[in-house]
Structures are given as C-alpha cells and as structure tokens.
1. Which of (1) aliphatic (A, V, I, L, M); (2) more than 24 Å from Asp65 (Cβ to Cβ); (3) assigned to a loop (DSSP other than H, G, I, E, B) does Leu168 not meet, given it meets every other one?
2. Please determine whether any residue of segment 25-43 is on the phi > 0 side of the Ramachandran plot, in a helix (DSSP H, G or I), assigned by TED's automatic domain parsing to the domain that holds Thr159 and touching a residue at least 60 places away in the same chain (Cβ under 8 Å).
3. All but one of (1) in contact with a His (Cβ under 8 Å, 6 or more places away or on another chain); (2) farther than 22 Å from Asp93 by Cα hold for Pro160; which doesn't?
4. Given (1) closer than 28 Å to Ile162 by Cβ; (2) out of contact with any strand residue (DSSP E or B) (no Cβ under 7 Å at 6 or more places or on another chain); (3) part of a loop (DSSP other than H, G, I, E, B); (4) in the same structural domain as Pro163 (by TED's automatic domain parsing), where does Lys111 come up short, assuming only one miss?
5. Filter segment 193-215 down to the residues that are more than 22 Å from Cys105 (Cβ to Cβ) and part of a loop (DSSP other than H, G, I, E, B) and list them by number.
6. Does Cys86 count as surrounded by fewer than 19 Cβ atoms within 10 Å (Cβ to Cβ) and not assigned by TED's automatic domain parsing to the domain that holds Phe125?
7. Across segment 122-165, what is the number of residues that are among the acidic types (Asp, Glu), without any contact (Cβ under 8 Å) to a residue 40 or more places away in the chain and not in a loop (DSSP other than H, G, I, E, B)?
8. Determine which single condition Gly71 fails, assuming it passes every other condition in (1) of a type outside the set (Asp, Glu); (2) closer than 16 Å to Cys8 by Cα; (3) in a loop (DSSP other than H, G, I, E, B).
Amino acid sequence: INVAGQPCTCGSKILEGYVSPYNATVVDNLLAHDFIPAGRVNMDEFAMGSSTENSALGVTRNPYDTTRVPGGSSGGSAAAVGGDLCIAALGTDTGGSIRQPASFCNCVGVKPSYGRVSRFGVTAFASSLDQVGPMAKSVEDAAILLGALAGHDPKDGTTPPIPVPDYLAALEGADLKGVRLGLPKEYLDVKGLDPEVKRLTDAAVEKCAAAGAEIVEV
C-alpha cells in the first residue's frame with residue numbers, strides 16, 4: 001500500500017530502494033478522517049504466502065507465542081494489532097490474507113465486498129479478487145475503519161458511486177435473525193484437529209445460533 005515518501009517493498013528485494021511518490025486512496029481516506037499512521041509492517045513477499053515467513057525483511061512471529069507464525073500474507077498487520085503496537089491496521093485480502101492472520105492473532109479481520117474499497121495505489125496480486133480491509137481489536141473498531149476506507153474512487157473503476165453505510169450504527173441492537181451461516185462439517189472432523197480449536201469453534205457456532213442465525217451444514 002503506497003504511502004508518499006515511504007518505501008513500498010512488498011516484502012521483496014525486487015523493490016528495494018523504491019520510495020512511493022504518492023498515497024494510495026485508502027491512505028488519503030484515513031488521513032481525511034484524522035487517523036494517525038504509526039508505521040509499516042511485514043508481509044509475505046508479494047503476498048505469496050500464508051505465514052509471513054517468506055519475506056526479504058525476515059520472519060514475523062505471533063505475539064501470543066513467538067514459536068508460532070502470525071499467519072499471512074498480512075501477518076505483520078495482525079501481529080501489530082494482536083501485540084498492541086496499534087489499535088488497528090490495514091491488510092489486503094485475495095484468498096484469506098486478512099482473515100487468516102487475524103484469526104491467528106486474536107483480531108477482527110474484514111475482507112470487504114469487491115469494489116467497496118479503492119485499490120488505487122495498492123500493488124496488485126490478482127486484481128479480480130484483491131481488496132483492502134481493516135484489522136482491529138474489536139468489531140466496533142473494524143466498523144469505524146471500514147467506514148473511513150470505503151467509498152467511490154474515480155481512480156478505481158471497480159468502486160461504484162453509492163453511499164457508504166454507517167457500519168458502526170448498524171451494530172447497535174443487531175442480531176443474526178434471518179442470517180444463514182454455512183458450517184463445513186468435515187473441517188471439524190479431520191484427524192489431528194486440536195481439541196481446543198474444535199471446542200472454540202463449537203462454542204462460536206452455539207453463540208451464533210443463540211443470536212438467531214440458522215446454521216446449515218455444508
């Protein structure tokens with residue numbers, strides 16, 4: 001994600017020495033909402049990884065257990081939030097690169113719907129799938145950040161000229177009535193699954209059902 005006057009290496013020596021001359025739209029959007037950039041973090045090289053071990057800048061560790069990985073490819077963002085270096089961070093998600101490291105580092109991670117957030121100034125991996133999204137300590141903080149990021153951008157033709165909802169207000173009094181959630185049952189029956197992972201997943205499913213969601217095994 002390009003920030004004017006700062007390096008943007010994508011975790012690779014190929015871009016060593018490159019300094020961005022401009023801001024990505026998401027950076028300008030955050031600055032317009034008075035967010036304060038705290039720094040840049042590590043990632044898998046060109047987002048091609050899921051552990052943040054594959055970077056020219058070195059390995060990133062999980063803040064909860066430094067013998068483990070933080071996930072990836074936006075593992076530096078998740079580790080920074082999980083390790084209390086910042087209250088929120090940006091990541092990019094093509095096939096799980098926000099959501100997976102967020103889950104590894106006890107954060108909230110959101111991949112927005114395609115076109116909801118501008119990709120101008122963001123190094124592409126797979127343009128038909130890439131999205132910029134928030135990582136945060138809470139759903140509320142993630143909603144605030146997404147509201148600042150989202151919106152139409154004339155520099156990105158995939159962003160429609162439609163209003164941005166008040167994501168934070170939408171959380172007030174919200175429940176899951178009428179929401180159908182798919183549960184891939186075979187994921188919970190695999191050999192070697194950590195019992196703690198299964199226990200926590202089952203507990204989350206029960207909470208969603210209690211909030212009114214319809215759980216559908218797929």
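1. That leaves (3) as the condition not met.
2. Residues of segment 25-43 on the phi > 0 side of the Ramachandran plot: 34, 39.
Right, trim to in a helix (DSSP H, G or I) and you get none.
Looking for residues that are on the phi > 0 side of the Ramachandran plot, in a helix (DSSP H, G or I), assigned by TED's automatic domain parsing to the domain that holds Thr159 and touching a residue at least 60 places away in the same chain (Cβ under 8 Å), one finds none in segment 25-43, hence no.
3. (2)
4. Only one criterion is unmet by Lys111, namely (2).
5. Within segment 193-215, the subset more than 22 Å from Cys105 (Cβ to Cβ) is 206, 209-215.
Ala211, Gly212, Ala213 - these are the residues of segment 193-215 that are more than 22 Å from Cys105 (Cβ to Cβ) and part of a loop (DSSP other than H, G, I, E, B).
6. no
7. In the first step, residues of segment 122-165 are kept if they are among the acidic types (Asp, Glu); the result is 130, 140-141, 153, 156.
Imposing the further condition that a residue be without any contact (Cβ under 8 Å) to a residue 40 or more places away in the chain reduces the set to 130, 140.
Retained after the next criterion (residues that are not in a loop (DSSP other than H, G, I, E, B)): 140.
Number of matching residues: 1.
8. The failed condition is (2).
The values are calculated or read from the model by the stated rules, or taken from the named source; none is laboratory data. Being a predicted model, the structure only gives us computed values, none of them experimental. Neighbour counts are summed over all protein chains in view; Cβ atoms, including those assigned to glycine, are modelled from backbone coordinates with ideal geometry.
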